[in-house]
Amino acid sequence: MDDLISDLPQSILESILTRLPIRDAVKTSILSRKWRYKWASITELVFDDECVTSSHDGNVVEQSLVKFITRALFLHHGPIHKFQVSTCYLQSCPDIDQWILFLSRDSDVRELILKLGEDEWVRLPSCLFNCKKLTHLDLSCCELDPPPRFKGFSCLRSLSLHRVLVAADAIENLIWSCPLLENLALSYFDDSLAITIRAPNLKYLYMEGDFTDIFLENTPLLLSLSVVMYMADDVAEHFELEQSSNCNFVKFLTRVPRLVSLAGRAYFAKYLSIGDDPGPLPITFDHLKIIELFEVSFEDMKEVLVLLRLITSSPNLEEFSISAGESTSPAEAPDSLDIWERECPADWTFKQLKVVKMTDVNGIPHEMDLVKFLLGSSPVLKTMTISPSTYFKHDRMVMLIELLRFRRASSEAEIIFLQE
Amino acid sequence: MSSSPPPSSAAASPSCPKKMIALRSSDGETFEIEEAAALQSKTLENMIDEDCAGTPIPLPNVTGKILAKVVEFCSKHAEPGVDDESLRAWDAEFVNVEQATVFDYILAANFLEIPTLLNLTCNVVADMIRGKTPDEIRKFFNIKSIFSPEEEEEVRRENHWAFE
């Protein structure tokens, strides 16, 4: 049999070698004279936990890894399009500065991923901002300080910052100065953050952490939004007391008319409920197909109203998932129970709604009213899945009996009740 | 479910015949492939755009034996309604062939610019390399190592940090 591999064009070999852990790729240098430097011109360098030597001593592992990366960079020749270091074994080490300096000199690098150890956060060097061709930047556990004259990454499409120490206005400016930005993920900044996002091409936004305020000032093309919003107890209380008439719901959602998918967890529903009820919304979310809201407090009439306004502004909804939060406040007075009749538009139908999932159900009146409303207005519904909450102490039979009576607009609808 | 009609003539309804493209291999065999399947290949997509009134597209770099399999691959991947798991299983069977054939697929996928096939076959070759010692790799691919002992020593020294 002939040697069919050694004479493959470099582009194919590149494709093969970049699928190997980098250590294996470098080891091919010993195969034959032809192979000596084939590894050295691959355009993607990924250093992760796979290239870590086995040792119980964290220091030894770190030293060995630093040596490995430095030597690989030194022997490499040709452009580097992707550089990734993602391992918890690298804590603060000054060599990172030199690696980034090396990358920024040729400034061919398009994807830069740095996910470091959690104990000490490296402050990334300013030469990082010289990497003009960056399309993907993914940083985790480090400190970022854009220089004042930084004009932005003109090619950046995707930005992910996780546990990054950076000032709020620095992030805002960074986002604003990357005109092609489509994909943005922000999670767990050090302090609770109030942030304004201006990104005219943004399509996908993911936010998780402690935010006091999120203002989507200029994101008209947004397709997918996912928010996990935590709040410190004192901030939450402050929101309760605030009598602002400025409705968060309107402020937050009316600037994203093209939304296709919306997911919110933790305090998100509560955050939206702050401010006065806007009444029926002036816009409809014609493209919104998927809504997932978790930890909604069904005992809080304001949150229920937000839910109601949201779903009755989404005529083309296809999938709806909702879960109830822990009951914190005492049940609402009975006279609020007719809001579903009062506030839902008459003859409302969800023309496309096929799948509904309700979890952590407690069987309380507003939840049952939601089920009744959904069943009665979804002519193409296929499945509704209901999982009771583990705290559901009431008689489940009572809830099921009530459920059975609800009128169903879809003759094909299956109601699936999940036991633990 | 979409309410607008299918955009291209390639999406066929039972009454309307699918558009077929003719391909000729290096050894003169002709094959027919549905347009939707042919569009998996960027090379063919470009050639179809510059339509040459239905004459078979000559592919001098691909033999009949391999072209037949490539057509099969593209057709399978253009089939609607195949779930991911069955497609993966089908792919695994497709590349369960001898080494020389895998490399023929790679070269064909490269020439015809079929990303799915190139991905699949490069993964296969990477799996063949992963975890093997240099000697095992040489043996597996029949790579002749013509290092002199001094050269080999030099390379080992240069890359000792990777072998540690």
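No value in this document is a laboratory result; all are computed from the given coordinates. Please read these numbers as outputs of a predicted model, since none were measured by experiment. Here Cβ is always computed from backbone atoms with ideal geometry, including for glycine, and neighbour counts include all displayed protein chains.
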Inset, instruction - Could you please rank B:His160, A:His162, placing first whichever residue has the fewest other Cβ atoms within 10 Å of its Cβ? - result: B:His160, A:His162
Inset, instruction - Order the peptides B:61-72, A:299-310, B:93-104 from the highest to the lowest mean number of other Cβ atoms within 10 Å of their residues. - result: A:299-310, B:61-72, B:93-104
Inset, instruction - Give the long-range amide H neighbours of A:Ser160: residues separated by 5 or more places, or on another chain, with amide H under 5 Å away, using H modelled in the peptide plane at 1.01 Å from N. - result: A:Leu137, A:Asp138, A:Leu139, A:Ala185
Inset, instruction - Could you work out, residue by residue across A:7-13, how many beta carbons of other chains sit within 10 Å of that residue's beta carbon, and then give the average as an integer? - result: 3
Inset, instruction - Using every pair of alpha-carbon atoms in chain A, split the distances into 10 Å bins beginning at 0 and state the percent of pairs per bin, rounded to integers. - result: 4, 19, 23, 19, 16, 12, 6, 1, 0
Legend entry - Cα→Cβ-extended label distance, 7 Å offset, between B:Ala68 and B:Glu45, nm: 2.9
Inset, instruction - Enumerate the amide H contacts of A:Ser321 below 5 Å, restricted to partners 5 or more residues apart or on another chain; note that Pro and chain-start residues carry no placed amide H. - result: A:Ile291, A:Glu292, A:Leu293, A:Lys357
Inset, instruction - Which order do the peptides B:83-90, A:3-10 take when ranked by the mean count of other beta-carbon atoms within 10 Å per residue, highest first? - result: A:3-10, B:83-90
Inset, instruction - Can you find, among A:Pro148, A:Gln10, A:Thr359, the residue farthest towards the positive end of the dipole of the protein assembly as shown? Put +1 on the C-beta of Lys and Arg, -1 on that of Asp and Glu. - result: A:Gln10
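Ranked highest first by average number of other Cβ atoms within 10 Å, how do A:250-259, B:22-31, A:264-273 line up? Don't jump to the answer; show the numbers that get you there.
On the way: A:250-259: 18.7, B:22-31: 15.5, A:264-273: 23.4.
Highest-to-lowest ranking by the protection proxy: A:264-273, A:250-259, B:22-31.
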Inset, instruction - Find the relative contact order for chain A and round it to a whole percent, using C-alpha pairs within less than 8 Å whose residues are 6+ positions apart. - result: 6
Legend entry - In sequence order, calculated HN-Hα J values of the stretch B:95-100 (Karplus, 6.51, -1.76, 1.60; Hz; x Gly/Pro): 9, 7, 9, 6, 3, 4
Legend entry - Entries in A:Lys34/B:Lys132; A:Lys270/A:Lys372; B:Lys19/B:Lys69; A:Lys132/B:Lys132; A:Lys203/B:Lys76; A:Lys354/B:Lys69 that, when Cα-Cα distance is taken, lie over 30 Å: A:Lys132/B:Lys132; A:Lys203/B:Lys76; A:Lys354/B:Lys69
Legend entry - Cut-off under 5 Å, modelled amide H: who pairs with A:Leu165 long-range: A:Cys142, A:Glu143, A:Leu144
Inset, instruction - Could you go through the stretch A:255-264 in sequence order and give the Karplus-derived ³J(HN,Hα) for each residue, using 6.51 cos²θ - 1.76 cosθ + 1.60 with θ = phi - 60°, rounded to whole Hz, and x for Gly and Pro? - result: 8, 10, x, 9, 4, 9, 9, 10, 10, x
Inset, instruction - Do me a favour and compute the ellipsoid semi-axes for chain B from its Cα gyration tensor, root of five times each eigenvalue, largest one first, whole Å. - result: 41, 19, 14
Legend entry - Average beta-carbon neighbours from other chains, 10 Å sphere, peptide A:70-79: 1
Inset, instruction - With r as the distance between the Cβ atoms of A:Phe150 and B:Asp135 and R0 = 60 Å, compute the FRET efficiency 1/(1 + (r/R0)^6) and round to 0.05. - result: 0.70
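When you look at the Cβ of every residue in B:126-132, what mean number of other chain Cβ atoms sits within 10 Å?
Across the residues of B:126-132, the mean count of other-chain Cβ atoms within 10 Å is 5.
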Legend entry - Ranked B:Tyr105, A:Tyr37, criterion: other C-beta atoms within 10 Å, fewest first: A:Tyr37, B:Tyr105
Legend entry - Phi to ³J(HN,Hα) by Karplus 6.51 cos²θ - 1.76 cosθ + 1.60 over the stretch B:61-70, Hz, x for Gly, Pro: 8, 10, 6, x, 4, 6, 4, 4, 6, 5
